[in-house]
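Before any comments, here is the structure.
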Amino acid sequence: MPTETSLIRDLVLPLLETDLPPIVQLGHPALRQPALPYDGQLDDGELAAFISLMRRVMHAAPGVGLAAPQLGIPLQVAVLEDTFEDPELTDLRERLPLAFFTIINPAYQPAGPETVEFYEGCLSFNGYQGVVPRYRSVSLQYTDTGGTSVERTFQGWQARIVQHETDHLGGTVYVDKVLTRSLCSNAEYLRRWASPSIDEARRGLGF
């Protein structure tokens, strides 16, 4: 009977032979199943290659995070990176650059009671965005690629990315938390609601 390790390797190794595998879309079962804790199912070289592949796919999309289930791989591994800089968004959305890093077996807790609402999208629900309430600040516990346990606190847009990607590993997609009346196509978002604040969208869409 195949072991968990062999099943994971059977899924990952063919991906490593591709340049840019497709990102699975909403409706794919991998997005709705809690991912398996990473426990050495891949050797060090395979894990490094898989993380490098995830980063390439994230950049090509483009996006600011990618979780292994978005490539159909049920492992608790995600990559995050945000190089976007815009002073207007930095002030209102607290969006600061986030250097590339990998999270393995992550979990987060709110680092305070305050929540904030902004539009966000998902590479696995391509073409749409919606307003999601998120904790403004979170404490993230995870294992890094060297096997070290890490705890870091994030706030603002960085905290939003952390929550979004960690949620993926538990089978949660942002549409599970979205304010449904705010959902819109990317085209309508860019045409009407792309200001740093969501106030105009709130009035126009009634959420």
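The values are calculated or read from the model by the stated rules, or taken from the named source; none is laboratory data. Just so it is clear, the structure is predicted and the values come from calculations on it, not from any experiment. Every residue, glycine as well, gets a Cβ built from its backbone with ideal geometry; the counts of neighbours run over all protein chains shown. Heads up: the accessible areas ignore ligands, DNA and RNA and are worked out on the full protein's heavy atoms, side chains in. Shrake-Rupley method; radii C 1.70, N 1.55, O 1.52, S 1.80 Å.
Restricting the range 41-52 to residues that are outside any loop (DSSP other than H, G, I, E, B) and not polar (S, T, N, Q), the residue that is surrounded by the most Cβ atoms within 10 Å (Cβ to Cβ) is Phe50. Being assigned to a helix (DSSP H, G or I) and of a type in the set (Gly, Ala, Ser) holds for only one residue in Ala30, Ala78, and it is Ala30.
Please indicate, with yes or no, whether at least one residue in the range 98-108 is in contact (Cβ under 8 Å) with a residue 24 or more places away in the chain and not in a strand (DSSP E or B). Checked against the condition, which is being in contact (Cβ under 8 Å) with a residue 24 or more places away in the chain and not in a strand (DSSP E or B), the range 98-108 yields no hits at all. Could you tell me how many of the residues in the range 53-74 are within 16 Å of Asp167 (Cβ to Cβ) and either out of contact with any strand residue (DSSP E or B) (no Cβ under 8 Å at 6 or more places or on another chain) or assigned to a helix (DSSP H, G or I) (or both)? Looking only at that region, the number is 4. Would you point out the residue of the range 1-22, among those that are out of contact with any Asp or Glu (no Cβ under 7 Å at 6 or more places or on another chain) and in contact (Cβ under 8 Å) with a residue 60 or more places away in the chain, that is most open to solvent (accessible area, probe 1.4 Å)? The qualifying residue most open to solvent (accessible area, probe 1.4 Å) is Leu11. Within the range 187-203, being under 18 Å from Tyr128 (Cβ atoms) and exposed (fewer than 11 other Cβ atoms within 10 Å of the Cβ) holds for Ala187, Arg191. Out of Thr180, Thr153, Thr148, one residue alone is surrounded by fewer than 13 Cβ atoms within 10 Å (Cβ to Cβ), over 27 Å from Gln41 (Cβ atoms) and either modelled with pLDDT under 95 or of a type in the set (S, T, N, Q) (or both). It is Thr180.
Counting only residues that are surrounded by fewer than 19 Cβ atoms within 10 Å (Cβ to Cβ), farther than 23 Å from Gly147 by Cα and within 16 Å of the chain's Cα centre (by Cα), the range 90-118 holds 1 of them.
Among the residues of the range 57-89, those that are among the β-branched types (Val, Ile, Thr) and open to solvent by less than 40 Å² (accessible area, probe 1.4 Å) comprise Val57, Ile73, Val77, Val79.
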